[in-house]
1. Confirm whether Gln107 is within 12 Å of the ligand (Cβ to nearest atom), within 20 Å of Lys151 (Cα to Cα), open to solvent by 10 Å² or more (accessible area, probe 1.4 Å) and under 15 Å from the mean Cα position of the chain (by Cα).
2. Would you check if there is a residue in segment 46-53 being modelled with pLDDT of 95 or more and either surrounded by 23 or more Cβ atoms within 10 Å (Cβ to Cβ) or within 28 Å of Lys151 (Cα to Cα) (or both)?
3. Would it be correct to say that Pro167 is within 12 Å of the ligand (Cβ to nearest atom), surrounded by 16 or more Cβ atoms within 10 Å (Cβ to Cβ) and more than 15 Å from the chain's Cα centre (by Cα)?
4. Considering Ser142, Ser159, Ser114, which residue is closer than 23 Å to Ile222 by Cα, of a type in the set (S, T, N, Q) and out of contact with any Lys or Arg (no Cβ under 9 Å at 6 or more places or on another chain)?
5. Of all residues in segment 112-164 being over 22 Å from Ile47 (Cα atoms) and near the ligand (Cβ under 9 Å from one of its atoms), which is nearest to the chain's Cα centre (by Cα)?
6. I'd like to verify a number: residues in segment 71-100 that are within 9 Å of the ligand (Cβ to nearest atom), over 21 Å from Ser218 (Cβ atoms) and open to solvent by 10 Å² or more (accessible area, probe 1.4 Å), how many?
7. Filter segment 25-70 for residues that are part of a loop (DSSP other than H, G, I, E, B) and more than 18 Å from Leu108 (Cβ to Cβ) and give the result.
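The values are calculated or read from the model by the stated rules, or taken from the named source; none is laboratory data. From a predicted model like this one, the values you see are computed outputs, not experimental measurements. Here the Cβ positions follow ideal geometry from the backbone for every residue, glycine too, while neighbour counts run over all protein chains shown. When the accessible area is computed, the model is the full protein with side chains, heavy atoms only, and any ligands, DNA or RNA have been set aside. Shrake-Rupley method; radii C 1.70, N 1.55, O 1.52, S 1.80 Å.
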Amino acid sequence: MDSIELAGIGMTSQRTRERLVKRLQEQGIENQDVLDIIRSTPRHIFIDEALAHRAYEDSSLPIGFNQTISRPYIVARMTELLLSKGALSNVLEVGTGSGYQTAVLAQLVGQVSSIERIRPLQDKARKRLALLKLRNVNLRHSDGGMGWKEKAPFDAILSAAAPSEVPEELLEQLAIGGILAIPVGEQEQQQKLHFITRTEDGYETDIIEDVYFVPLRSGVRIS
Ligand code: SAH
């Protein structure tokens, strides 16, 4: 981690980032705050050095342990969806991974609590978030399918891993009016992004689009 550089050079330059933002706009991302944060957040520090030159491409990339950093488009889309309900003060993220989505969220909402089941990924994410001086983030090593009861209720929950069925605990930890953005699907090729709102008397689900996420797995890994 000593070698991570915040300053953008070469493929991490301002022009490369601008191209990414333009691509996101072409794909329908409209929220200017989200676009500004994607432009200013150094995605290259969330990726191993060997792949950092691809950081501003709109693609997911491997981060080890068979996991991937999410595609900028999907990070922008999910963040935009969550913010469409208004200002958010308390957000839960399931699947910290590289910490990139966490960093984007942390700059747009009050407080982010983020859970990762693979300890070495969480350790790296913690260092990157500290480097960016993002202090409104709490990280936890556990099974995110159980939510984070002590921090609930949440006005938004974002899951970066796909279960075959929406975990009951996540629904229960939503505030009234709160929203859960979560990919759902048995097989990787057949996931749909669900956008679930908790109402006074139940839940309303909108199905947004086809998506590709890693599966939500139970249990934790320490190495
Ligand atoms: N937003 C992250 C996505 C990483 S991929 C990024 O852009 O880097 C999804 C992550 O979810 C993986 O790191 C995986 O280990 C984690 N994950 C899968 N199941 C989980 C669970 N039950 N609890 C917590 N994290 C989980």
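1. Spelling it out, it is not the case that Gln107 is within 12 Å of the ligand (Cβ to nearest atom), within 20 Å of Lys151 (Cα to Cα), open to solvent by 10 Å² or more (accessible area, probe 1.4 Å) and under 15 Å from the mean Cα position of the chain (by Cα).
2. Looking for residues that are modelled with pLDDT of 95 or more and either surrounded by 23 or more Cβ atoms within 10 Å (Cβ to Cβ) or within 28 Å of Lys151 (Cα to Cα) (or both), one finds at least one in segment 46-53, hence yes.
3. Yes, satisfied.
4. After applying the criteria, what remains is Ser159.
5. Top of the filtered list is Gly144.
6. Number of matching residues: 2.
7. Selection gives Gln27, Gly28, Ile47, Asp48, Ala55, Tyr56, Glu57, Asp58, Ser59, Ser60, Phe65, Asn66.
A quick yes/no check of all residues on (1) open to solvent by less than 90 Å² (accessible area, probe 1.4 Å); (2) away from the ligand (no atom under 16 Å from the Cβ); (3) among the small types (Gly, Ala, Ser):
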position: Gly178; (1), (2), (3): yes, yes, yes
position: Pro183; (1), (2), (3): yes, no, no
position: Ile196; (1), (2), (3): yes, yes, no
position: Glu200; (1), (2), (3): no, yes, no
position: Thr205; (1), (2), (3): yes, yes, no
position: Val211; (1), (2), (3): yes, no, no
position: Pro215; (1), (2), (3): yes, no, no
position: Ser218; (1), (2), (3): no, no, yes
position: Arg221; (1), (2), (3): no, no, no
